[in-house]
Amino acid sequence: MRSFQYHNPTRIIYGEGEYKNIGKEVAGFGSKVLLVTGKSSLKRSGYFDQVVSSLREAGCRVSVLEGVEPNPRLGLCLKGAELCRRERIEVIAAVGGGSVLDTAKTIAVAALDTGDVWDFFLCKRKITGALPLVTMVTMAATGSEFNTNAVINNEQTGQKYAIHSEHIFPKVSILDPLLSLSLPADQTAYGAVDILSHIIEGYQTAPGKAPLSDRIAEAAMKETMLWARRALDAPQSKEARGNLLWCSSVALGGWTWNGWGPTTFHAHTIEHEISAATNCAHGAGLAVVLPAVMRFHSRNNAAKLAQLAQRVFGVTRYWNDTAEALALRGVNGFKRWLASIGCPVTLGELGVEETQIPEYARKIALNPEAGELDAAMAEEILRFAVG
C-alpha cells in the first residue's frame, strides 16, 4: 500500500425531510446568502419556495442566482461573483445537481479574487480562499458535495477545465432523497455513469496494491449499479434515490483510493472536450468514453481489470483465459449494461464523426490535467469508441 493522507472536513446530513433545515445550516456561516439554483426544476418540484422560506426563517437575507445549465458556463459564475461583491454576500447556498454546485464553488472563489478566475483553471495561480458553501444535492452524480473539485465550461474559449482546492470543500452538504424523486430516467442513468467513472478510473490505473480500498471501490460500484437499476424501475423509490446519493458522495470523497498511489482520470479529461463541443450530458459522454479508456488500459493493467471483471461485472474465468481476455470481456459486459440503462455507447450517438477525432485529440492534449495523455493516446482511445 502506498503512502497517503486523507482529510475531508465536509459535514454530511442525510435524511428525508432534511431540506427543511437548510436555513439553520446556512445561517451558521452568515446572514447574507446567495442561493444558486438551476433553470426551473427546483421550482417545478415546489422545493424552491420551501428552501427560500427556510433561509428567511433562519434570519437570512437571500439573493438568488438562477439559470445554471448542464455543462455550467463561466459567464454565469462571473455574474454571481459580481453579485456577491455588490450584496456583500457572506455564504453561498447551492441547491441542485453537480453543475449548480460547481458553479457555486467557482463563484465562491471568484468573489474573493481580484484577478481572472480562469487563471485557476489554467493552473496559472493557486486558490487562496473562498466564501463558505453549503450544498443540497438534487441528483446523484458528481459528488461535488463532498470534494474539492469543480468543472466549468468557458464559453469564450471553448475550454472545459477543472479546479481543485481544499478551499472549496463545502462546509455542510445535505442529502435528501425527496429532492431527487422527480429526476428523469436519462439523468438518473447518466448520473450513475458519472459515479461509476469516478471509481473505475482510479481503480484501473492504481499503481499500488491496497486491498481494502479495492474492496470499498468494488462495493461502491456494485451498489451504484444495483440502485441505479432500481431507481430506473421505480423512480419514486426513496430507498433507491437515497442509496444512489450516498454512492455518489463516497465515490469521489477520497475514501476509495487511499493507498493506491497516483491515478489518472483520462475518461473525464477526454469527455470534457467532447461535452464542451457538443453540449452532451456529462454522463452520456462518459458512457461512450469510459469503456474505450478501460479497453486501452486492459493492455497495461490487465490483472486489475480482470479482477474488476470478476468481482463487479460477474465474468467467469476459464482455465485458458488470459488476464487481458478476461478484462476485455468485463469491458464488453459493462458496455452492454450501459446500453441497457439507456446510455449512448458510441461517438456517433453523441454527434461526433470519425473524421473529427484527430482535432478532438489535439485539443484534449492541451488540457492542463492531461498529463501523459498526449494526442496520439487520446486518438487511439477515441477510435475505440467509434463502434
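Values in this text are rule-based calculations from the coordinates and carry no lab data. Note that the structure is predicted; figures quoted are calculated from it, not measured. All Cβ positions, glycine included, derive from the backbone under ideal geometry; neighbour counts span all protein chains shown.
Worth pointing out:
- Residue exposure sequence - ASP49, ASP119 - by fewest surrounding Cβ within 10 Å: ASP49, ASP119
- Electrostatic bookkeeping for THR355 treats Lys and Arg as +1 and Asp and Glu as -1; over the other residues with beta carbon under 13 Å from its beta carbon, the sum is -3.
- Proximal lysine pairs, segment 183-384, alpha carbons under 22 Å, eight or more residues apart or interchain: 6
- Kirkwood hydrodynamic radius (C-alpha pairs) into Stokes-Einstein, segment 183-384, 37 °C and 0.692 mPa s, D in µm²/s: 192 µm²/s
- Seen from ALA27, the other residues with C-beta closer than 14 Å to its C-beta sum to a net charge of +3, counting Lys and Arg as +1 and Asp and Glu as -1.
- The chain - mean residue ellipticity at 222 nm from DSSP helices (-39,500 (n - 2.57) per run, n ≥ 4, rounded to 500): -15000 deg cm²/dmol
- Degrees, to the nearest 10: 302-311 long Cα axis against longest axis of the chain: 70 degrees
- C-alpha center-to-center spacing [segment 109-123, segment 313-387] in angstrom: 33 Å
- Compactness of the chain is given as radius of gyration and Dmax, 20.3, 69 Å, from Cα positions.
- Cβ-derived FRET efficiency at R0 41 Å, LYS222 paired with SER31, nearest 0.05: 0.40
- Qualifying trypsin sites (Lys or Arg not before Pro) in segment 278-361, where qualification requires a DSSP coil assignment and no more than 15 other C-beta atoms within 10 Å, comprise ARG299, ARG317.
- Looking at the chain alone, DSSP beta bridges between its own residues are antiparallel in about 20 percent of cases.
- Sites THR114 and LYS39, calculated FRET efficiency, Cβ-Cβ separation with R0 35 Å, nearest 0.05: 0.70
- Positive-end residue, the chain charge dipole about Cα centroid, Cβ charges, pick of ASN71, PHE4, ALA376: PHE4
- In this rough spin-label picture, where each label sits 7 Å from Cα along the Cβ direction, the GLU87-VAL64 distance is 1.0 nm.
- Per-residue Cβ neighbour rank within 10 angstrom, fewest leading, THR316, THR10: THR316, THR10
- Among HIS167, HIS282, HIS198, HIS7, a tally of other beta-carbon atoms within 10 Å of each Cβ gives an order, fewest to most, of HIS7, HIS167, HIS282, HIS198.
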